[in-house]
Amino acid sequence: MSTWMEILVAIFLLLGSVFSLVGAIGLYRLPDFFMRLHGPTKATTLGVGGMVIASMIYFAGQEQGISLHELLITLFLFITAPVSAHMLAKAAMQQKLSISEQTRGKPWEQ
Amino acid sequence: MKARRFLPHPLLSLCLMGVWMLLMNDMTFGHLLLGAILGWLIPLVTQVFWITPPRIYRPFRLFRFFFLVLGDIVVANLQVAKLILGPTSKLRPAFVEIPMLLEDELALTMLASIISLTPGTVSADLSDDRKTLLVHTLDVADDEQLIAEIKSRYEAPLLEVFTCSTT
Amino acid sequence: MLDYVIALCLLMLGIALILTLARLIKGPDLPDRILALDTLYINSIALLVLFGVWLGSDLYFEAALLIAVMGFIGTVAVAKYLLRGDIIE
């Protein structure tokens, strides 16, 4: 494997893990549930995306030829992450979780 | 109930075949054939469960829209990362109600998913009459501006693609 | 060079998992815990993909895909249970 390919793999790996870490930090330190929802749904999904791209480049550099099947994981996560976030938000609104005082507007009561 | 057709969802069949090829990670003729058979058989067996897909009027517009959203997702992540790592007391979270013009189920699902994946917004609930979407935002200064941006950036292209009107 | 980068990535993902675990224990409500579990499985997918690169093995992909499918169904099932008190209506 050539050096520039290795550098590319390293960049995407670092990008992926930094995004995963940021998502987890958001989950840990933001004050209320609806704000915490933002971290995992975006950052973590892209974190896995970065990892997957790195893995694709890495295995393309090996002898066995191009492998695209890692794309399935990213595709699946990008379809499912909004759905689970939506379900969780609905559940949280029904449970009437406390929201931080800075929040403008109110959740519905259906 | 609809009458049974020989090839109920051509697009779904193509997608299934593509997923099969990706899953097998092997571009030989045998797997192509097997994928084609599966792509034909699965929609045929399960066609009772599927909703009628909306007609796509402008496929190329959809294609361009896809890349716009992909770019937005990356930008959104950088913004959210900045917000998360900054001071939390300065954030201005809000629940915003957005009136919807879209009526089709698939288009609404797509819009809600896109809203969840892009800058600082998560779609939280859809009203029972499917006219209003409740969105939670992480940091927003002006509600009206956010509504206008979502409508022009994401809803308008979807409207164009699925209903062929430009309003 | 790649070995050092992978070690660093493992460290970052490990910290991420610990933070998520802290949220899982701390709560304070049920939806928070479900969200923490959701994040935990997505992070473990990233960890598995990273493992695959580290060991140069293709096998971890299957495990990662299975976790992605099962984790999503688990999250939706639990969220639905919270919402309705029942999973299958």
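The values are calculated or read from the model by the stated rules, or taken from the named source; none is laboratory data. Remember, it's a predicted structure, so these values are computed and weren't measured experimentally. Here the Cβ positions follow ideal geometry from the backbone for every residue, glycine too, while neighbour counts run over all protein chains shown.
Checked against (1) at pLDDT 75 or above; (2) out of contact with any Asp or Glu (no Cβ under 6 Å at 6 or more places or on another chain), residue B:132 passes all but condition (2). The requirement of being more than 14 Å from the chain's Cα centre (by Cα) and within 10 Å of chain B (Cβ to nearest Cβ) is satisfied by residue A:67. Among the residues making up segment B:8-17, those that are free of Cβ contacts under 8 Å to residues at least 40 places away in the same chain and either loosely packed, with under 15 Cβ neighbours inside 10 Å or on the phi > 0 side of the Ramachandran plot (or both) are B:10, B:14, B:15.
When residue C:50 is tested against (1) free of Cβ contacts under 8 Å to residues at least 12 places away in the same chain; (2) in contact with a Cys (Cβ under 8 Å, 6 or more places away or on another chain); (3) not charged (D, E, K, R), just one condition goes unmet, and that condition is (1).
Residue-by-condition table, conditions (1) without any contact (Cβ under 8 Å) to a residue 24 or more places away in the chain; (2) crowded, with 16+ Cβ neighbours inside 10 Å; (3) under 20 Å from residue B:142 (Cβ atoms):
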| site | (1), (2), (3) |
| --- | --- |
| B:94 | no, yes, yes |
| B:102 | no, yes, no |
| B:113 | yes, yes, no |
| B:125 | yes, yes, no |
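Out of B:17, B:110, one residue alone is farther than 30 Å from residue A:99 by Cβ and within 14 Å of another protein chain (Cβ to nearest Cβ). It is B:17. Just to be sure before I move on: is residue B:55 assigned to a loop (DSSP other than H, G, I, E, B), in contact with a Lys or Arg (Cβ under 8 Å, 6 or more places away or on another chain) and exposed (fewer than 15 other Cβ atoms within 10 Å of the Cβ) in the structure I sent? Criteria not met by residue B:55.
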